[in-house]
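Taking it in order: structure first as structure tokens, then the write-up.
The values are calculated or read from the model by the stated rules, or taken from the named source; none is laboratory data. Predicted model, so just to flag it, every value in this text is computed and none were measured. Cβ placement follows ideal geometry from the backbone for every residue including glycine, while neighbour counts extend to all protein chains displayed.
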Amino acid sequence: MAPSHLRPRKLSEPTISRLPVYQRIVEGWQSRGETRIDSRLIGELAGVTATTVRRDLAGLGTLGTRGSGYEVDVLVERIGEALGHNRSYEVVVVGIGNLGRALVKSTNFLIRGARLVALYDSDPHIVGTEIGGHVVRSIDDELVPATVAVICVPPDAAQAVADKLIAADVHALLNFAPQVLTVPLGTAVHYVDFSIELQILMYHLNNGTGPLGGGLLHSLGIAATNPMRSP
């Protein structure tokens, strides 16, 4: 077992929401051939304080040396491990309308370690067609074993689809349908609702807060609220 000072702690929800953005920043640094990056720069690009960055990354175990920043390669690896990029995930998409098609055809839809294994729809005109190298199956068919399901169906169909997925032992749902799902304990649901995001954006536009403050995390609406400034 790793020493206690090397073992990552359980991360808070705000920290989890910021880690993918830190990783995007650090991977961009890595692609430029840079070998080190400090918390001040990450914070400036993300739109949070250096103190917040250091606190978040401290949850991953011992990283970096005070005053000399972080090794870029190590940071990319450790954030990826925390986010599960070193594991394998089988992904299915249910609902191959305009949104579902766009997601499947997107080059950055899947994270590292994720593999698209099946597409489903209920429309007989869509079932049997090929999208992104996958033949669309009927949602009434037996489901292919999967780890994660992406739901892109109309709101009145979302709960029935979620029930079927959970019954097939899929317990991680990314829901694009504007419908709150009832799921059992042990099932993780994340909602993506563009209308809600637009309303949040309009609030910030009218009140001069949030995304107008700058930084990538501010633009995603998940910046830290801690006003403490880093030295």
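Brief remarks follow.
- Which numbered condition residue 120 misses (of (1) farther than 21 Å from residue 192 by Cβ; (2) over 18 Å from the mean Cα position of the chain (by Cα); (3) buried (at least 18 other Cβ atoms within 10 Å of the Cβ)): (1)
Residue-wise test of (1) within 22 Å of residue 84 (Cα to Cα); (2) surrounded by fewer than 20 Cβ atoms within 10 Å (Cβ to Cβ); (3) more than 23 Å from the chain's Cα centre (by Cα).
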site: 21; (1), (2), (3): yes, no, no
site: 30; (1), (2), (3): yes, yes, no
site: 39; (1), (2), (3): no, no, no
site: 50; (1), (2), (3): no, yes, no
site: 73; (1), (2), (3): yes, yes, no
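- Of the residues screened, residue 54 is not one that is part of a loop (DSSP other than H, G, I, E, B), under 20 Å from residue 24 (Cα atoms) and among the basic types (Lys, Arg).
- Qualifying residues in the stretch 69-124 (those that are at pLDDT 90 or above and of a type in the set (Gly, Ala, Ser)) - the one farthest from residue 144 (Cα to Cα): 102
- So residue 94, is it in contact with an Asp or Glu (Cβ under 8 Å, 6 or more places away or on another chain), in contact (Cβ under 8 Å) with a residue 60 or more places away in the chain and not assigned by TED's automatic domain parsing to the domain that holds residue 26: yes
- Within the stretch 123-149, the set of residues being over 23 Å from the mean Cα position of the chain (by Cα), small (Gly, Ala, Ser) and not in a loop (DSSP other than H, G, I, E, B) comprises 138 only.
- Among the residues of the stretch 200-213, not a single one is part of a loop (DSSP other than H, G, I, E, B), out of contact with any Leu (no Cβ under 6 Å at 6 or more places or on another chain), of a type in the set (Ser, Thr, Tyr) and at pLDDT 90 or above.
- Odd one out for residue 152, checked against (1) within 30 Å of residue 77 (Cα to Cα); (2) under 18 Å from the mean Cα position of the chain (by Cα): (1)
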